[in-house]
Amino acid sequence: MGRILAIDFGKKRTGIAVTDEMQIIASGLTTVDTKEIFSFLKEYSSREKVELFLVGKPKQMDNTDSESEILILPFLKKLKNLFPKIPMRRVDERFTSKMAFQTMIDSGLKKNQRKNKALVDEISATILLQSYLYNQ
């Protein structure tokens, strides 16, 4: 069995979470500069077996695509071209940033630590992945 890699794509930063090999536990992996996302994914997939890419799908409250979906489409196309054998699934990412911020509060992080947007992105990716695993 391979890992599931969750991607919370952003214009500046991309949060990444991953499962264990048994696909039971979701853990935050890192946040990378979006300009470096493909080199990171190539390097990571060269040393770990990735079975699935899980990519957040930004939605509006009325269930229509968010404006940021336009930014994600070229990323998805290149991801599919670079990794044609790894399937990709999309998952609704509404509220993940708010849930990530609340998680930071609940875990006792101080106010200045909660300003770390890279950590918010990583936690958001973890929430996406946990949601996917729970609903599978």
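The values are calculated or read from the model by the stated rules, or taken from the named source; none is laboratory data. Note that this is a predicted model, so its numbers are computed, not measured. Note that each Cβ is placed from the backbone with ideal geometry, even for glycine, and that neighbours are counted across all protein chains shown.
Structural remarks
- Qualifying residue in segment 4-18 (condition: in a strand (DSSP E or B), surrounded by 17 or more Cβ atoms within 10 Å (Cβ to Cβ) and aromatic (Phe, Trp, Tyr)): no
- Residue check, THR96 modelled with pLDDT under 85, surrounded by 15 or more Cβ atoms within 10 Å (Cβ to Cβ) and not hydrophobic (A, V, I, L, M, F, W, C): yes
- Scanning segment 3-18 for residues that are farther than 14 Å from PRO87 by Cβ and of a type in the set (D, E, K, R) turns up ASP8, LYS11, LYS12, ARG13.
- Failed criterion for ILE24 (all others in (1) more than 26 Å from LYS117 (Cβ to Cβ); (2) modelled with pLDDT of 95 or more; (3) of a type in the set (A, V, I, L, M) hold): (2)
- Positions within segment 35-52 being β-branched (Val, Ile, Thr) and free of Cβ contacts under 8 Å to residues at least 40 places away in the same chain, in sequence order: ILE37
- Qualifying residue in segment 73-82 (condition: at pLDDT below 95, among the aliphatic types (A, V, I, L, M) and surrounded by fewer than 17 Cβ atoms within 10 Å (Cβ to Cβ)): yes
- Residue within segment 115-135 that is modelled with pLDDT under 65, part of a helix (DSSP H, G or I) and more than 27 Å from LYS42 (Cα to Cα) present: no
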